[in-house]
Amino acid sequence: MTMSPITPDPTLDLVLERDIDVPRDLVWAAWTTPEHLQQWFAPRPWTVAECQLDLRPGGLFRAVMRSPEGQEFPGDGCFLEVVPHERLVWTDALLPGYRPAPEPFFTAVIELRDSGGGTRYTATALHRDPEGRARHEAMGFLDGWGTVLDQLVAHVRAMRG
């Protein structure tokens, strides 16, 4: 399958790109298996209280984040593209079945490529306007997504045993 390229717009989008020293197939498993995703997807001490993934275009992406105080923040979205071991695209602008969401914020693109003995990991957050991008950056996108990537790597290492 040929994937359309994502060309980030620096006025609208945020990008985290890093080479990680774990195999792409295990990174994919960590992203696409709810039991794995719950272990690393929220920056600690936050946790993921619930995760549901329906890995097909139009399918559900749901992660409920729980604060250290126990407050829950549901995040529901819709998968737009699923290319095994290469790319996941989901958005909170749509709910499952491509139904419009009441308060859209961003679309996420996760791209995985082989890099040496590991994986070239690129996470892109696409926003509809500069204000949304600035709000996401102020929420700590780079630190937060960098932290969860470190947690993903540690989880994948533990998966390998």
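A few comments on the model shown:
- Scanning segment 72-108 for residues that are of a type in the set (D, E, K, R) and closer than 18 Å to A42 by Cα turns up E72, D76, D92.
- All positions within segment 111-126 that are surrounded by fewer than 17 Cβ atoms within 10 Å (Cβ to Cβ) and over 12 Å from V22 (Cβ atoms): R113
- For segment 140-158, taking the residues that are charged (D, E, K, R) and at pLDDT 95 or above, the one that is farthest from F41 (Cα to Cα) is identified as R157.
- Residues located in segment 75-120, provided they are farther than 17 Å from L55 by Cα and of a type in the set (V, I, T): T119
- Single match in L142, L94, L88 (criterion: surrounded by 17 or more Cβ atoms within 10 Å (Cβ to Cβ) and within 17 Å of L16 (Cβ to Cβ)): L88
- Residue match in segment 31-51 (condition: surrounded by fewer than 13 Cβ atoms within 10 Å (Cβ to Cβ), within 18 Å of A125 (Cβ to Cβ) and out of contact with any Cys (no Cβ under 7 Å at 6 or more places or on another chain)): no
- Among residues of segment 9-40, those that are within 20 Å of G118 (Cβ to Cβ) and not in a loop (DSSP other than H, G, I, E, B), counted: 19
The values are calculated or read from the model by the stated rules, or taken from the named source; none is laboratory data. It should be emphasised that the depicted structure is a prediction, and the values quoted were computed from it without experimental measurement. Quick reminder, even Gly has a Cβ in these numbers, built from the backbone with ideal geometry, and neighbours come from all protein chains shown.
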